[in-house]
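Written below as structure tokens is the structure these notes are about.
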Amino acid sequence: MERLTFLGTGTSTGVPMIGCSCKVCLSPSAKDKRLRSSVWIEAGGVSVVIDTSTDFRTQALTAGIARLDAVFFTHHHADHIHGIDDLRSFNFIHRRAVPCYGTPDALERIKGMFCYIFDGKPDTGGGKPMLELIPITAAVMIGSLTLEPIPVLHGDLGVYGYRVNGTAYVTDCSRIPDSSLRRLMGLDCLILGALGLKRHPTHFTLEQALDVIATLAPKRAYLTHLNHNIGHDEVSANLPPGVFLAYDGLSIGI
């Protein structure tokens, strides 16, 4: 069965946020504990992740990820890539480089931000990840799994969401161009970022995300990349039918 697991559903600070004593940060509910956003997809013996969040090692251990065929990056911001060094473990397991896909710009930025990986110099200390960076502008097949990049806007930055069969994963987003909206029609499941309650220059608010969901009319929708203004139980009680807050560890069929 094809499954998607939410490895993390939080925004860049995670929830609880360091030094914060708000109601959500102090909540005892496990559904209010959010690592940085990423997902794991399993299908037909294929295993891929979208983004290597700052918390990737903890996420991989918790979820039990024992193999990894590819990584797909949405963009180069720290909370989505700073677990990249922990891909070394999969080099040890598979004895090959990990293919990493993303926008040409994101991969160039990753090369610069992690120059020690790509500078061609000999390994020192504990070594460095072996990664193959592959820019994409069209769908990619990994075994039986096809991932289609969907261009969206994160403020002024062009980033990717990804469509996998009838499911789409779109996290950091403040606008979806009409051409991409058309590619997101007819979904069984839409996973969409909804940062919080207050307007933000580079992210959908909860209200804006719900408007997008109403426009696209997927059969079901999950909200992710949530900040500490979103209390799971309180907000869930007021969501429209078929719309849910995702939480860390949630696994859904796709």
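The values are calculated or read from the model by the stated rules, or taken from the named source; none is laboratory data. Given the structure is predicted, the values throughout are model-derived calculations rather than measurements. Cβ: placed from backbone, ideal geometry, glycine included. Neighbour counts: every protein chain shown.
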Legend entry - Failed item, numbered, when Leu26 is tested on (1) free of Cβ contacts under 8 Å to residues at least 40 places away in the same chain; (2) assigned to a helix (DSSP H, G or I); (3) within 19 Å of Asn227 (Cβ to Cβ): (2)
Legend entry - Hey, Thr58 surrounded by 15 or more Cβ atoms within 10 Å (Cβ to Cβ), β-branched (Val, Ile, Thr) and either touching a His at 6+ places or on another chain (Cβ under 9 Å) or in contact (Cβ under 8 Å) with a residue 40 or more places away in the chain (or both) or not: no
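Taking the condition more than 18 Å from the chain's Cα centre (by Cα), over 30 Å from Ile254 (Cα atoms), in a loop (DSSP other than H, G, I, E, B) and small (Gly, Ala, Ser), does Gly112 pass? It would help to see each step written out before you state the result.
On the way: more than 18 Å from the chain's Cα centre (by Cα): yes; over 30 Å from Ile254 (Cα atoms): yes; in a loop (DSSP other than H, G, I, E, B): no; small (Gly, Ala, Ser): yes.
Spelling it out, it is not the case that Gly112 is more than 18 Å from the chain's Cα centre (by Cα), over 30 Å from Ile254 (Cα atoms), in a loop (DSSP other than H, G, I, E, B) and small (Gly, Ala, Ser).
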Inset, instruction - Report, ordered by the first and then the second residue, all pairs with beta carbons closer than 6 Å, sequence separation of six or more or different chains, a first member in segment 82-104 that is within 14 Å of Gly126 (Cβ to Cβ), and a second member that is modelled with pLDDT of 95 or more and in a helix (DSSP H, G or I). - result: Asp86/Phe56; Asp86/Arg57
Inset, instruction - Tell me, please, whether a residue that is among the hydroxyl-bearing types (Ser, Thr, Tyr) and either in contact with a Lys or Arg (Cβ under 9 Å, 6 or more places away or on another chain) or surrounded by fewer than 17 Cβ atoms within 10 Å (Cβ to Cβ) (or both) can be found in segment 180-199. - result: no
Legend entry - Conditions (1) free of Cβ contacts under 8 Å to residues at least 24 places away in the same chain; (2) assigned to a helix (DSSP H, G or I): number failed by Ile18: (2)
Inset, instruction - Can you run down the residue pairs with Cβ atoms below 9 Å, 6 or more apart or on separate chains, where the first is in segment 123-136 and closer than 17 Å to Leu107 by Cβ and the partner is among the hydroxyl-bearing types (Ser, Thr, Tyr) and surrounded by fewer than 16 Cβ atoms within 10 Å (Cβ to Cβ)? - result: Lys128/Tyr116
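For Leu68, are the conditions met, namely being among the hydrophobic types (A, V, I, L, M, F, W, C), assigned to a loop (DSSP other than H, G, I, E, B) and under 21 Å from Gly127 (Cα atoms)? Show your work before the answer.
Values: among the hydrophobic types (A, V, I, L, M, F, W, C): yes; assigned to a loop (DSSP other than H, G, I, E, B): yes; under 21 Å from Gly127 (Cα atoms): yes.
In short, yes.
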Legend entry - Long-range neighbours under 7 Å by Cβ, at least six apart or interchain, first residue under 18 Å from Gly249 (Cα atoms) within segment 212-228, second assigned to a helix (DSSP H, G or I) and modelled with pLDDT of 95 or more: Ala221/Ile213; Leu223/Ala209
